[in-house]
Amino acid sequence: MSYKKIKNAADLVMNNCGPAEIAVILGSGLGGFEQALEDPIEIAYEDIPGFPVSTVPGHAGRFIVGTIAGKRVLVMSGRFHSYEGYSMKQVTLPVRVMSLLGIHTLIVTNAAGAVNESYKPGDLVILDDFINMSGKNPLRGKNMERFGPRFPDMTVPYSKSLRQIAAEEAGKLGIDIQRGVYCFMNGPCFETPAEIKMARIIGADLVGMSTVPETIVARHSGMKVLGISSVTNMAAGVLDTPIDHESVLAIGESIKGKFAQLVTAIIAAMSTNGIDII
Ligand code: HPA
């Protein structure tokens, strides 16, 4: 993926939607948050040069840019996953584009399975860290010095100040919030009970099939990142029941309201706390 290709995509989004400061990537079942945007302008991925073509008919995906609490926010509705067959560069192209639009803060969200047995479906979890079990890295290949260094630091993948704001805002809203480590698996099959046992032993609280590629590229691009998971199911082997995508989506659906409330409050707090988010 050349810089020129990223710049072409970013120029088109900029011309259509204008710049933004904060981006929110919506996880499975968490759509609807974009309704919080004032004066939204949207662009479909199919109209952005170089963007992958969606594998799911009717779910082409789009960027929606608008205002929340006086901040310019870009919402990414529909993301690309490695399990769909996209390369890690394709999966993370939208994050490079965000960087060229002036976005300095990324809120990345997902639906995840709970490895930690004290979690329950419907919980929201602030990510403290991640484990990349995919064997893949979006930064593999020639380094793009314009964005960041060859060997980027990853000691604080998720911003401490944003995690603190998220916990405080959840408290104010009376939303129970968990903290945990997200383990990225390739998918598309759900994990085996033995894999989940391994994930628990190595320190994971959650498993999922997204988020980590975007986090790595956002950090490489110098962005602050906040990760929020919605627990849609107990991971394989925790309960004596199979995991199916429909119930994952149904739980996601039931969390949507409190998720949107929380993310809106976090964005508002970023703009009112006088916190330096750059
Ligand atoms: N495993 C992986 N990804 C997921 C899960 C899971 O149990 N639930 C939602 N996304």
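Nothing in this text is a laboratory measurement; each read-out follows from the coordinates by a stated rule. Note that the coordinates shown come from a computational prediction; the quantities given were computed from them, not determined experimentally. Virtual Cβ from ideal backbone geometry, glycine too; neighbours counted across all protein chains shown.
So the values come out like this:
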read-out	value
Protection proxy ranking, peptides 263-269, 159-165, average beta carbon neighbours within 10 Å, highest first	263-269, 159-165
Sequence-separation-based contact order of the chain, relative, with Cα cut under 8 Å and 6+ spacing, percent	26
Whole-Å semi-axes of the ellipsoid equivalent to the chain (Cα gyration tensor, √5λ, descending)	27, 22, 18
Peptides 66-72, 208-214 ordered by average Cβ neighbours within 10 Å, highest first	208-214, 66-72
Set of lysines near Lys256 by C-alpha distance (under 25 Å), chain-local residues within fewer than 8 positions excluded	Lys71, Lys120, Lys160, Lys172, Lys224
Taking Tyr83, Tyr45 and counting other C-beta atoms within 10 Å, the order from fewest to most	Tyr83, Tyr45
Protection proxy ranking of 175-181, 151-157 - average other beta-carbon atoms within 10 Å, highest first	175-181, 151-157
Of the DSSP H helices in the chain, those whose Cα atoms cover at least 15 Å axially and whose Kyte score averages -1.0 or more	3-17, 88-100, 160-173, 245-272
Stretchable slack from Asp240 to Cys189, in nm (0.36 nm times residue separation minus alpha-carbon distance)	16.6 nm
Gain in span if fully extended, Ser118 to Asn16, counting 0.36 nm per residue against the direct Cα distance	32.2 nm
Under 5 Å, built H, 5+ apart or other chain: amide partners of Val75	Val24, Ile64, Val65, Gly66
Three-way shape call for region 85-206 based on the alpha-carbon gyration tensor, with the a/c threshold at 1.5	oblate
